[in-house]
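Notes for the one structure printed next.
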Amino acid sequence: MTRTDSKLYDQLNVRFKLDALVAFLSSKKVPRHSHSIFYYTGGVAMFLFVVQVCSGILLLMYYKGSADSAFESVRYIMSEVPFGWLIRDIHSWSANLMILFVFIHMFAVFFTKAYRFPRELTWFSGILLLFLSLGFGFSGYLLPWNELAFFATKVGTDIVGAVPLIGEPLLEFLRGSEDVTATTLSRFFGIHVAILPGLFVLILSMHLLFVQRQGMSEPPRWKDLPESEKSYTPFFPDFLLRDFALWSAVLAVVAVLAVLSPWELGLKADPFTSAPAGIKPEWYFMFMFQTLKYIPAHVMSIEGEILGILMFGLGGLLWALVPVFDRDGSRKRWSRFVRLVGLIVVLYIIALTILGYTST
Amino acid sequence: MIDRRSFLDWLLGGTVFAGLAAILYPAARYLEPQEIPEAAISSLKVGTIEDFPLDSGTIFKFGRKPGLLIHDADGKFRAFHATCTHLSCVVQYRKDMGAIYCACHNGRFDINGKNISGPPPRPLEEFDVHLKGNEVYVSLRG
(Lines give C-alpha, C1' and ligand atoms only; values in the text may rest on other atoms or scores of the structure.)
Protein backbone atom coordinates (compact mmCIF):
# COMPACT_ATOMS: atom_id res chain seq x y z
CA MET A 1 0.00 0.00 0.00
CA THR A 2 1.45 3.38 -0.99
CA ARG A 3 1.84 6.13 1.58
CA THR A 4 1.19 9.68 0.44
CA ASP A 5 1.48 13.13 1.95
CA SER A 6 -2.25 13.25 2.55
CA LYS A 7 -3.20 11.78 5.92
CA LEU A 8 -6.86 11.75 4.93
CA TYR A 9 -6.06 9.74 1.80
CA ASP A 10 -3.99 7.29 3.78
CA GLN A 11 -6.72 6.83 6.34
CA LEU A 12 -9.34 6.24 3.66
CA ASN A 13 -6.97 4.01 1.70
CA VAL A 14 -6.49 1.72 4.67
CA ARG A 15 -10.22 1.28 4.91
CA PHE A 16 -11.39 1.34 1.28
CA LYS A 17 -8.33 0.26 -0.74
CA LEU A 18 -8.30 3.44 -2.81
CA ASP A 19 -4.99 2.48 -4.44
CA ALA A 20 -6.79 0.01 -6.68
CA LEU A 21 -9.19 2.70 -7.85
CA VAL A 22 -6.36 5.16 -8.48
CA ALA A 23 -4.44 2.50 -10.41
CA PHE A 24 -7.52 1.83 -12.54
CA LEU A 25 -8.03 5.54 -13.24
CA SER A 26 -4.35 6.05 -14.03
CA SER A 27 -4.29 3.24 -16.56
CA LYS A 28 -7.50 4.37 -18.27
CA LYS A 29 -6.78 6.17 -21.54
CA VAL A 30 -8.77 7.77 -24.31
CA PRO A 31 -7.76 7.31 -27.98
CA ARG A 32 -6.78 10.50 -29.77
CA HIS A 33 -7.97 10.80 -33.39
CA SER A 34 -10.04 13.04 -35.65
CA HIS A 35 -13.36 11.93 -34.07
CA SER A 36 -12.17 12.14 -30.45
CA ILE A 37 -14.50 15.06 -29.80
CA PHE A 38 -17.47 12.68 -29.84
CA TYR A 39 -16.13 10.95 -26.71
CA TYR A 40 -17.38 13.97 -24.79
CA THR A 41 -21.02 13.78 -25.95
CA GLY A 42 -22.11 11.00 -23.59
CA GLY A 43 -20.58 12.82 -20.63
CA VAL A 44 -22.41 16.03 -21.53
CA ALA A 45 -25.73 14.14 -21.76
CA MET A 46 -25.06 12.61 -18.34
CA PHE A 47 -24.17 16.00 -16.88
CA LEU A 48 -27.42 17.45 -18.24
CA PHE A 49 -29.28 14.58 -16.60
CA VAL A 50 -27.75 15.63 -13.27
CA VAL A 51 -28.92 19.21 -13.95
CA GLN A 52 -32.38 17.76 -14.66
CA VAL A 53 -32.46 15.92 -11.37
CA CYS A 54 -31.30 18.95 -9.35
CA SER A 55 -33.64 21.47 -11.02
CA GLY A 56 -36.47 18.89 -10.96
CA ILE A 57 -36.10 18.41 -7.20
CA LEU A 58 -36.28 22.19 -6.73
CA LEU A 59 -39.43 22.40 -8.90
CA LEU A 60 -41.01 19.63 -6.82
CA MET A 61 -40.98 21.94 -3.78
CA TYR A 62 -43.74 24.06 -5.35
CA TYR A 63 -45.28 22.04 -8.19
CA LYS A 64 -48.71 20.50 -7.59
CA GLY A 65 -49.52 17.54 -9.79
CA SER A 66 -53.29 17.88 -10.10
CA ALA A 67 -55.43 19.30 -12.89
CA ASP A 68 -56.92 21.92 -10.55
CA SER A 69 -53.62 23.40 -9.53
CA ALA A 70 -50.80 22.26 -11.84
CA PHE A 71 -51.04 25.23 -14.21
CA GLU A 72 -51.44 27.69 -11.33
CA SER A 73 -48.48 26.19 -9.46
CA VAL A 74 -46.19 26.55 -12.49
CA ARG A 75 -47.41 30.14 -12.92
CA TYR A 76 -46.69 30.70 -9.23
CA ILE A 77 -43.18 29.25 -9.63
CA MET A 78 -42.55 31.52 -12.61
CA SER A 79 -43.99 34.72 -11.21
CA GLU A 80 -43.80 34.60 -7.40
CA VAL A 81 -41.05 32.27 -6.23
CA PRO A 82 -37.62 33.99 -6.19
CA PHE A 83 -35.67 32.64 -9.17
CA GLY A 84 -38.51 30.24 -9.87
CA TRP A 85 -38.50 31.32 -13.53
CA LEU A 86 -34.79 30.50 -13.71
CA ILE A 87 -35.20 27.02 -12.22
CA ARG A 88 -38.09 26.18 -14.57
CA ASP A 89 -36.26 27.50 -17.63
CA ILE A 90 -33.08 25.67 -16.70
CA HIS A 91 -35.12 22.48 -16.29
CA SER A 92 -36.77 22.93 -19.70
CA TRP A 93 -33.66 23.99 -21.58
CA SER A 94 -31.41 21.33 -20.07
CA ALA A 95 -34.07 18.72 -20.90
CA ASN A 96 -34.00 19.74 -24.55
CA LEU A 97 -30.22 19.89 -24.66
CA MET A 98 -29.98 16.52 -22.92
CA ILE A 99 -32.09 14.89 -25.61
CA LEU A 100 -30.06 16.69 -28.29
CA PHE A 101 -26.83 15.33 -26.82
CA VAL A 102 -28.28 11.84 -26.41
CA PHE A 103 -29.10 11.94 -30.14
CA ILE A 104 -25.64 13.28 -31.08
CA HIS A 105 -24.01 10.64 -28.88
CA MET A 106 -26.07 7.89 -30.51
CA PHE A 107 -25.29 9.04 -34.06
CA ALA A 108 -21.59 9.37 -33.19
CA VAL A 109 -21.60 5.79 -31.89
CA PHE A 110 -23.49 4.70 -35.00
CA PHE A 111 -21.16 6.31 -37.52
CA THR A 112 -17.96 5.22 -35.76
CA LYS A 113 -19.40 1.67 -35.59
CA ALA A 114 -18.79 1.56 -31.85
CA TYR A 115 -21.86 -0.69 -31.45
CA ARG A 116 -19.96 -3.71 -32.80
CA PHE A 117 -18.52 -6.57 -30.75
CA PRO A 118 -17.92 -6.43 -27.80
CA ARG A 119 -20.10 -3.35 -27.22
CA GLU A 120 -23.54 -4.61 -28.32
CA LEU A 121 -24.97 -4.41 -24.80
CA THR A 122 -23.64 -0.88 -24.38
CA TRP A 123 -25.54 0.09 -27.56
CA PHE A 124 -28.76 -1.65 -26.42
CA SER A 125 -28.62 0.01 -23.01
CA GLY A 126 -27.96 3.33 -24.77
CA ILE A 127 -31.04 2.84 -26.94
CA LEU A 128 -33.08 2.21 -23.79
CA LEU A 129 -31.69 5.42 -22.31
CA LEU A 130 -32.73 7.29 -25.48
CA PHE A 131 -36.30 5.97 -25.18
CA LEU A 132 -36.38 6.81 -21.49
CA SER A 133 -35.15 10.34 -22.32
CA LEU A 134 -37.96 10.72 -24.86
CA GLY A 135 -40.34 9.40 -22.19
CA PHE A 136 -39.05 12.07 -19.80
CA GLY A 137 -39.68 14.72 -22.45
CA PHE A 138 -43.15 13.44 -23.30
CA SER A 139 -44.33 13.04 -19.70
CA GLY A 140 -42.77 16.32 -18.55
CA TYR A 141 -44.38 18.24 -21.41
CA LEU A 142 -47.86 17.64 -19.94
CA LEU A 143 -47.03 18.70 -16.39
CA PRO A 144 -47.67 22.48 -16.79
CA TRP A 145 -51.17 21.43 -17.93
CA ASN A 146 -51.39 24.02 -20.69
CA GLU A 147 -53.26 23.92 -23.97
CA LEU A 148 -50.33 22.89 -26.18
CA ALA A 149 -49.26 20.16 -23.79
CA PHE A 150 -52.81 18.86 -23.51
CA PHE A 151 -53.26 18.38 -27.25
CA ALA A 152 -49.72 17.09 -27.76
CA THR A 153 -50.45 14.45 -25.13
CA LYS A 154 -53.81 13.63 -26.70
CA VAL A 155 -52.11 13.06 -30.07
CA GLY A 156 -49.10 11.25 -28.59
CA THR A 157 -51.13 8.83 -26.50
CA ASP A 158 -53.55 8.25 -29.37
CA ILE A 159 -50.57 7.20 -31.48
CA VAL A 160 -49.62 4.70 -28.75
CA GLY A 161 -53.23 3.46 -28.80
CA ALA A 162 -53.03 2.70 -32.52
CA VAL A 163 -50.16 0.22 -32.07
CA PRO A 164 -51.57 -3.21 -32.97
CA LEU A 165 -52.31 -5.60 -30.06
CA ILE A 166 -50.68 -3.80 -27.14
CA GLY A 167 -51.80 -0.28 -28.08
CA GLU A 168 -55.17 -0.21 -26.33
CA PRO A 169 -54.05 -1.50 -22.89
CA LEU A 170 -50.96 0.72 -23.06
CA LEU A 171 -53.12 3.74 -23.88
CA GLU A 172 -55.36 3.03 -20.88
CA PHE A 173 -52.35 2.53 -18.63
CA LEU A 174 -50.87 5.86 -19.72
CA ARG A 175 -54.07 7.90 -19.63
CA GLY A 176 -55.60 6.21 -16.63
CA SER A 177 -58.94 6.84 -18.33
CA GLU A 178 -60.53 6.87 -21.73
CA ASP A 179 -59.37 10.40 -22.45
CA VAL A 180 -56.59 12.75 -21.38
CA THR A 181 -57.92 13.91 -18.01
CA ALA A 182 -56.80 14.87 -14.51
CA THR A 183 -55.97 11.17 -13.98
CA THR A 184 -53.55 11.31 -16.91
CA LEU A 185 -51.77 14.26 -15.32
CA SER A 186 -51.37 12.37 -12.01
CA ARG A 187 -50.01 9.34 -13.85
CA PHE A 188 -47.61 11.35 -15.97
CA PHE A 189 -46.41 13.13 -12.84
CA GLY A 190 -45.69 9.80 -11.12
CA ILE A 191 -44.03 8.40 -14.23
CA HIS A 192 -41.93 11.56 -14.69
CA VAL A 193 -40.64 11.96 -11.13
CA ALA A 194 -40.46 8.37 -9.88
CA ILE A 195 -40.64 5.58 -12.43
CA LEU A 196 -38.49 7.06 -15.20
CA PRO A 197 -35.71 8.42 -12.93
CA GLY A 198 -35.47 5.04 -11.17
CA LEU A 199 -35.21 3.12 -14.43
CA PHE A 200 -32.89 5.71 -15.95
CA VAL A 201 -30.40 5.56 -13.07
CA LEU A 202 -30.43 1.76 -13.15
CA ILE A 203 -29.76 1.52 -16.89
CA LEU A 204 -27.32 4.43 -16.88
CA SER A 205 -25.31 2.63 -14.18
CA MET A 206 -25.17 -0.49 -16.35
CA HIS A 207 -24.23 1.61 -19.39
CA LEU A 208 -21.38 3.27 -17.50
CA LEU A 209 -20.23 -0.03 -16.05
CA PHE A 210 -20.01 -1.50 -19.56
CA VAL A 211 -18.01 1.50 -20.77
CA GLN A 212 -15.62 1.24 -17.81
CA ARG A 213 -15.10 -2.50 -18.24
CA GLN A 214 -14.49 -2.31 -22.00
CA GLY A 215 -12.73 1.04 -22.29
CA MET A 216 -13.31 3.60 -25.01
CA SER A 217 -14.13 2.24 -28.45
CA GLU A 218 -11.73 2.80 -31.30
CA PRO A 219 -12.93 3.59 -34.83
CA PRO A 220 -12.20 0.65 -37.22
CA ARG A 221 -9.57 2.47 -39.29
CA TRP A 222 -7.73 3.78 -36.22
CA LYS A 223 -7.80 0.39 -34.55
CA ASP A 224 -5.84 -1.12 -37.46
CA LEU A 225 -2.98 1.39 -37.14
CA PRO A 226 0.33 0.14 -35.70
CA GLU A 227 0.60 0.90 -31.97
CA SER A 228 3.47 3.34 -32.65
CA GLU A 229 1.16 5.60 -34.67
CA LYS A 230 -1.60 5.70 -32.05
CA SER A 231 -1.71 8.31 -29.34
CA TYR A 232 -3.85 8.54 -26.22
CA THR A 233 -5.02 11.08 -23.66
CA PRO A 234 -4.83 9.91 -20.02
CA PHE A 235 -8.38 9.77 -18.62
CA PHE A 236 -7.27 10.97 -15.21
CA PRO A 237 -6.78 13.84 -14.84
CA ASP A 238 -6.54 15.18 -18.43
CA PHE A 239 -9.75 13.91 -20.01
CA LEU A 240 -11.78 14.34 -16.83
CA LEU A 241 -10.66 17.95 -16.45
CA ARG A 242 -11.65 18.64 -20.05
CA ASP A 243 -15.00 17.03 -19.27
CA PHE A 244 -15.45 19.42 -16.34
CA ALA A 245 -14.49 22.41 -18.49
CA LEU A 246 -17.01 21.39 -21.15
CA TRP A 247 -19.75 20.79 -18.58
CA SER A 248 -19.16 24.28 -17.15
CA ALA A 249 -19.50 25.72 -20.66
CA VAL A 250 -22.73 23.74 -21.23
CA LEU A 251 -24.13 24.98 -17.91
CA ALA A 252 -23.31 28.54 -18.97
CA VAL A 253 -25.11 27.99 -22.29
CA VAL A 254 -28.16 26.61 -20.43
CA ALA A 255 -28.18 29.66 -18.14
CA VAL A 256 -27.90 32.07 -21.07
CA LEU A 257 -30.72 30.32 -22.92
CA ALA A 258 -32.86 30.33 -19.77
CA VAL A 259 -32.39 34.07 -19.36
CA LEU A 260 -32.64 35.13 -22.99
CA SER A 261 -35.23 32.70 -24.24
CA PRO A 262 -37.68 31.77 -21.47
CA TRP A 263 -40.36 29.12 -22.00
CA GLU A 264 -43.90 30.38 -22.27
CA LEU A 265 -46.61 28.92 -20.12
CA GLY A 266 -49.48 29.60 -22.55
CA LEU A 267 -53.13 29.03 -21.67
CA LYS A 268 -54.49 26.53 -19.17
CA ALA A 269 -55.65 23.26 -20.72
CA ASP A 270 -59.35 23.01 -21.42
CA PRO A 271 -60.65 19.74 -22.86
CA PHE A 272 -63.60 21.65 -24.30
CA THR A 273 -61.76 24.03 -26.60
CA SER A 274 -60.62 23.37 -30.13
CA ALA A 275 -56.99 22.52 -30.69
CA PRO A 276 -55.14 25.82 -31.24
CA ALA A 277 -53.72 26.57 -34.68
CA GLY A 278 -50.02 25.91 -35.03
CA ILE A 279 -49.96 23.11 -32.48
CA LYS A 280 -46.56 21.43 -32.49
CA PRO A 281 -44.87 18.77 -30.41
CA GLU A 282 -41.38 19.13 -28.96
CA TRP A 283 -38.73 19.33 -31.68
CA TYR A 284 -37.56 15.75 -31.17
CA PHE A 285 -40.97 14.38 -32.13
CA MET A 286 -41.41 16.84 -34.99
CA PHE A 287 -40.18 14.57 -37.81
CA MET A 288 -42.76 11.93 -36.85
CA PHE A 289 -45.52 14.53 -36.41
CA GLN A 290 -44.73 16.03 -39.84
CA THR A 291 -44.62 12.61 -41.49
CA LEU A 292 -48.09 11.81 -40.12
CA LYS A 293 -49.36 14.97 -41.84
CA TYR A 294 -48.19 13.72 -45.24
CA ILE A 295 -49.52 10.17 -45.03
CA PRO A 296 -52.96 10.05 -46.67
CA ALA A 297 -56.02 8.83 -44.75
CA HIS A 298 -55.81 5.40 -46.37
CA VAL A 299 -52.95 3.66 -48.13
CA MET A 300 -54.51 0.71 -49.91
CA SER A 301 -56.67 -0.70 -47.13
CA ILE A 302 -54.52 0.41 -44.19
CA GLU A 303 -55.34 3.57 -42.23
CA GLY A 304 -52.59 6.14 -42.76
CA GLU A 305 -52.02 6.61 -39.04
CA ILE A 306 -51.47 2.89 -38.45
CA LEU A 307 -49.16 2.68 -41.45
CA GLY A 308 -47.09 5.57 -40.08
CA ILE A 309 -46.82 3.96 -36.67
CA LEU A 310 -45.84 0.59 -38.12
CA MET A 311 -43.26 2.30 -40.31
CA PHE A 312 -41.65 4.16 -37.41
CA GLY A 313 -41.90 1.11 -35.16
CA LEU A 314 -40.15 -1.10 -37.69
CA GLY A 315 -37.55 1.59 -38.46
CA GLY A 316 -36.83 2.07 -34.75
CA LEU A 317 -36.52 -1.68 -34.20
CA LEU A 318 -34.07 -2.10 -37.09
CA TRP A 319 -32.06 0.86 -35.82
CA ALA A 320 -31.91 -0.63 -32.33
CA LEU A 321 -30.82 -4.00 -33.70
CA VAL A 322 -27.97 -2.66 -35.86
CA PRO A 323 -25.25 -4.55 -33.87
CA VAL A 324 -27.00 -7.80 -34.86
CA PHE A 325 -26.72 -7.32 -38.60
CA ASP A 326 -23.61 -5.16 -38.90
CA ARG A 327 -20.93 -7.18 -37.14
CA ASP A 328 -17.18 -6.94 -36.96
CA GLY A 329 -16.67 -9.39 -39.78
CA SER A 330 -19.34 -7.87 -42.05
CA ARG A 331 -18.36 -7.22 -45.65
CA LYS A 332 -17.15 -3.71 -46.47
CA ARG A 333 -19.96 -3.05 -48.97
CA TRP A 334 -22.60 -4.04 -46.42
CA SER A 335 -20.89 -1.94 -43.78
CA ARG A 336 -20.91 1.07 -46.14
CA PHE A 337 -24.56 0.44 -46.96
CA VAL A 338 -25.48 0.52 -43.24
CA ARG A 339 -23.63 3.81 -42.91
CA LEU A 340 -25.47 5.21 -45.94
CA VAL A 341 -28.82 4.22 -44.43
CA GLY A 342 -27.79 6.00 -41.23
CA LEU A 343 -26.95 9.10 -43.22
CA ILE A 344 -30.34 9.00 -44.97
CA VAL A 345 -32.06 8.66 -41.58
CA VAL A 346 -30.21 11.71 -40.23
CA LEU A 347 -31.02 13.76 -43.34
CA TYR A 348 -34.68 12.66 -43.18
CA ILE A 349 -34.98 13.66 -39.52
CA ILE A 350 -33.35 17.05 -40.17
CA ALA A 351 -35.39 17.77 -43.32
CA LEU A 352 -38.76 16.82 -41.78
CA THR A 353 -37.96 18.76 -38.60
CA ILE A 354 -37.18 21.89 -40.64
CA LEU A 355 -40.35 21.36 -42.70
CA GLY A 356 -42.34 21.03 -39.49
CA TYR A 357 -41.23 24.46 -38.38
CA THR A 358 -41.43 26.20 -41.74
CA SER A 359 -44.46 24.76 -43.55
CA THR A 360 -47.83 26.36 -42.99
CA MET B 1 -38.80 -40.28 -10.09
CA ILE B 2 -37.86 -36.70 -9.35
CA ASP B 3 -34.78 -36.34 -7.17
CA ARG B 4 -34.56 -34.22 -4.05
CA ARG B 5 -32.47 -31.44 -5.64
CA SER B 6 -34.78 -31.02 -8.63
CA PHE B 7 -37.78 -31.00 -6.31
CA LEU B 8 -36.22 -28.23 -4.23
CA ASP B 9 -35.31 -26.29 -7.39
CA TRP B 10 -38.91 -26.50 -8.57
CA LEU B 11 -40.17 -25.56 -5.16
CA LEU B 12 -37.89 -22.57 -4.95
CA GLY B 13 -38.67 -21.48 -8.53
CA GLY B 14 -42.40 -21.87 -7.89
CA THR B 15 -42.16 -19.85 -4.70
CA VAL B 16 -40.32 -17.03 -6.50
CA PHE B 17 -42.90 -17.11 -9.31
CA ALA B 18 -45.83 -17.11 -6.89
CA GLY B 19 -44.22 -14.30 -4.89
CA LEU B 20 -43.74 -12.17 -8.01
CA ALA B 21 -47.31 -12.87 -9.13
CA ALA B 22 -48.59 -11.89 -5.69
CA ILE B 23 -46.80 -8.55 -6.06
CA LEU B 24 -47.47 -7.87 -9.74
CA TYR B 25 -51.16 -8.84 -9.89
CA PRO B 26 -52.40 -6.29 -7.34
CA ALA B 27 -50.05 -3.68 -8.87
CA ALA B 28 -51.46 -4.28 -12.36
CA ARG B 29 -55.06 -4.22 -11.07
CA TYR B 30 -54.26 -1.03 -9.15
CA LEU B 31 -53.06 0.66 -12.35
CA GLU B 32 -56.05 -0.43 -14.41
CA PRO B 33 -58.28 2.63 -14.97
CA GLN B 34 -61.48 2.65 -12.96
CA GLU B 35 -64.89 3.07 -14.53
CA ILE B 36 -66.16 6.48 -13.49
CA PRO B 37 -69.93 6.35 -13.13
CA GLU B 38 -71.58 8.93 -15.29
CA ALA B 39 -75.21 9.77 -15.85
CA ALA B 40 -75.96 8.69 -19.41
CA ILE B 41 -77.27 11.59 -21.42
CA SER B 42 -78.90 11.28 -24.76
CA SER B 43 -80.12 14.80 -25.29
CA LEU B 44 -78.92 18.22 -24.23
CA LYS B 45 -80.02 21.82 -24.52
CA VAL B 46 -77.03 23.77 -25.78
CA GLY B 47 -78.56 27.28 -25.80
CA THR B 48 -80.93 29.48 -27.70
CA ILE B 49 -80.76 30.43 -31.36
CA GLU B 50 -79.52 33.92 -30.45
CA ASP B 51 -76.48 32.41 -28.71
CA PHE B 52 -75.10 31.16 -32.02
CA PRO B 53 -74.34 33.81 -34.67
CA LEU B 54 -74.79 32.83 -38.33
CA ASP B 55 -71.77 31.15 -39.94
CA SER B 56 -70.13 30.17 -36.65
CA GLY B 57 -69.18 27.08 -34.69
CA THR B 58 -69.39 26.51 -30.93
CA ILE B 59 -67.89 23.78 -28.77
CA PHE B 60 -70.27 22.32 -26.17
CA LYS B 61 -69.96 19.62 -23.52
CA PHE B 62 -71.86 16.43 -24.17
CA GLY B 63 -71.19 14.35 -21.07
CA ARG B 64 -67.42 14.08 -20.91
CA LYS B 65 -66.96 14.60 -24.65
CA PRO B 66 -66.78 17.80 -26.68
CA GLY B 67 -69.31 18.49 -29.42
CA LEU B 68 -69.33 21.10 -32.19
CA LEU B 69 -72.49 22.98 -33.08
CA ILE B 70 -72.42 24.80 -36.42
CA HIS B 71 -74.93 27.48 -37.33
CA ASP B 72 -74.27 27.75 -41.03
CA ALA B 73 -74.65 30.79 -43.30
CA ASP B 74 -78.09 29.55 -44.41
CA GLY B 75 -79.32 29.40 -40.84
CA LYS B 76 -79.22 25.61 -40.58
CA PHE B 77 -77.87 23.92 -37.42
CA ARG B 78 -75.61 20.87 -37.52
CA ALA B 79 -73.80 19.17 -34.65
CA PHE B 80 -70.95 16.68 -34.53
CA HIS B 81 -68.72 14.93 -32.04
CA ALA B 82 -65.79 17.36 -32.01
CA THR B 83 -63.15 14.65 -31.68
CA CYS B 84 -61.07 14.31 -34.84
CA THR B 85 -61.17 10.80 -36.26
CA HIS B 86 -57.40 10.92 -36.85
CA LEU B 87 -55.72 11.40 -33.47
CA SER B 88 -58.51 12.75 -31.23
CA CYS B 89 -57.75 16.49 -31.23
CA VAL B 90 -60.75 18.79 -30.80
CA VAL B 91 -61.81 20.19 -34.19
CA GLN B 92 -63.14 23.70 -34.94
CA TYR B 93 -65.38 25.39 -37.49
CA ARG B 94 -63.36 27.68 -39.79
CA LYS B 95 -65.50 30.37 -41.40
CA ASP B 96 -62.67 31.31 -43.81
CA MET B 97 -62.49 27.74 -45.10
CA GLY B 98 -66.19 27.00 -44.86
CA ALA B 99 -65.09 23.71 -43.32
CA ILE B 100 -64.40 21.90 -40.07
CA TYR B 101 -60.69 21.95 -39.37
CA CYS B 102 -58.33 20.04 -37.10
CA ALA B 103 -55.26 22.11 -36.27
CA CYS B 104 -53.18 19.13 -35.13
CA HIS B 105 -52.51 17.60 -38.56
CA ASN B 106 -54.38 19.89 -40.98
CA GLY B 107 -57.33 17.55 -41.33
CA ARG B 108 -60.49 18.95 -42.98
CA PHE B 109 -64.12 17.90 -42.94
CA ASP B 110 -66.87 19.50 -44.98
CA ILE B 111 -69.87 21.13 -43.38
CA ASN B 112 -71.59 17.72 -43.25
CA GLY B 113 -68.72 16.20 -41.27
CA LYS B 114 -67.29 14.24 -44.21
CA ASN B 115 -63.49 13.94 -44.22
CA ILE B 116 -62.30 15.77 -47.35
CA SER B 117 -58.56 16.27 -46.96
CA GLY B 118 -55.60 15.50 -44.74
CA PRO B 119 -55.14 12.39 -42.63
CA PRO B 120 -58.58 11.86 -40.94
CA PRO B 121 -59.74 8.40 -42.03
CA ARG B 122 -63.46 8.69 -41.22
CA PRO B 123 -66.25 11.32 -41.11
CA LEU B 124 -67.17 12.94 -37.81
CA GLU B 125 -70.02 11.33 -35.92
CA GLU B 126 -73.14 13.46 -36.14
CA PHE B 127 -75.70 14.49 -33.54
CA ASP B 128 -79.34 15.22 -34.32
CA VAL B 129 -80.29 18.85 -33.77
CA HIS B 130 -83.82 19.85 -32.79
CA LEU B 131 -85.30 23.28 -32.27
CA LYS B 132 -88.04 23.77 -29.68
CA GLY B 133 -89.18 27.36 -29.94
CA ASN B 134 -85.90 29.20 -29.97
CA GLU B 135 -84.05 26.57 -27.92
CA VAL B 136 -81.46 24.37 -29.57
CA TYR B 137 -81.18 20.69 -28.50
CA VAL B 138 -78.69 18.09 -29.64
CA SER B 139 -79.21 14.39 -29.18
CA LEU B 140 -77.41 11.16 -29.95
CA ARG B 141 -78.27 9.82 -33.35
CA GLY B 142 -80.09 6.53 -33.66
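Would you call A:Ile302 more than 7 Å from chain B (Cβ to nearest Cβ) and of a type in the set (Val, Ile, Thr)? Considered against the rule, which asks whether it is more than 7 Å from chain B (Cβ to nearest Cβ) and of a type in the set (Val, Ile, Thr), A:Ile302 comes out as yes. Return the residue satisfying two criteria in turn: it lies in segment B:67-96 and is in a strand (DSSP E or B), within 12 Å of chain A (Cβ to nearest Cβ) and of a type outside the set (A, V, I, L, M, F, W, C), and of such residues it is surrounded by the most Cβ atoms within 10 Å (Cβ to Cβ). Top of the filtered list is B:Tyr93. Residue check: A:Ile127 meets all listed conditions (1) of a type outside the set (Ser, Thr, Tyr); (2) open to solvent by 20 Å² or more (accessible area, probe 1.4 Å); (3) closer than 19 Å to A:Met106 by Cα but one, namely (2).
The residue that is nearest to the chain's Cα centre (by Cα), counting only those in segment A:27-43 that are under 16 Å from A:Asp238 (Cα atoms) and open to solvent by less than 30 Å² (accessible area, probe 1.4 Å), is A:Gly43. Only residues that are of a type in the set (A, V, I, L, M, F, W, C) and open to solvent by 80 Å² or more (accessible area, probe 1.4 Å): list them for segment A:61-85, please. Selection gives A:Met61, A:Phe83, A:Trp85.
For residues that are assigned to a helix (DSSP H, G or I) and away from chain B (no Cβ under 11 Å), tally how many sit in segment A:152-169. Number of matching residues: 2. Hey, among A:Gly167, A:Gly176, which residue is in contact with a Lys or Arg (Cβ under 8 Å, 6 or more places away or on another chain) and without any contact (Cβ under 8 Å) to a residue 24 or more places away in the chain? When all the criteria are applied, what remains is A:Gly176. Of all residues in segment B:101-115, those that are more than 10 Å from chain A (Cβ to nearest Cβ) and either β-branched (Val, Ile, Thr) or part of a strand (DSSP E or B) (or both) total 3. Among the numbered conditions (1) free of Cβ contacts under 8 Å to residues at least 24 places away in the same chain; (2) surrounded by 15 or more Cβ atoms within 10 Å (Cβ to Cβ), the only one that A:Leu314 does not meet is (2). Restricting attention to segment A:295-311 and to residues that are modelled with pLDDT of 85 or more and touching a helix residue (DSSP H, G or I) at 6+ places or on another chain (Cβ under 9 Å), the residue that is least open to solvent (accessible area, probe 1.4 Å) turns out to be A:Gly308.
Those residues that are within 14 Å of chain B (Cβ to nearest Cβ), part of a helix (DSSP H, G or I) and open to solvent by less than 40 Å² (accessible area, probe 1.4 Å), I need them from segment A:243-286; list them, please. Result: A:Met286, single match. Of all the residues in segment A:212-228, those that are of a type in the set (D, E, K, R), in a helix (DSSP H, G or I) and within 19 Å of A:Thr112 (Cα to Cα) number 2.
The values are calculated or read from the model by the stated rules, or taken from the named source; none is laboratory data. Keep in mind that what you see is a predicted model, and the values were worked out from it rather than measured. A quick note on method: Cβ atoms are made from the backbone with ideal geometry, for glycine too, and the neighbour counts reach across all protein chains shown. SASA here: full protein model, heavy atoms, side chains in, ligands and nucleic acids out. Shrake-Rupley method; radii C 1.70, N 1.55, O 1.52, S 1.80 Å.
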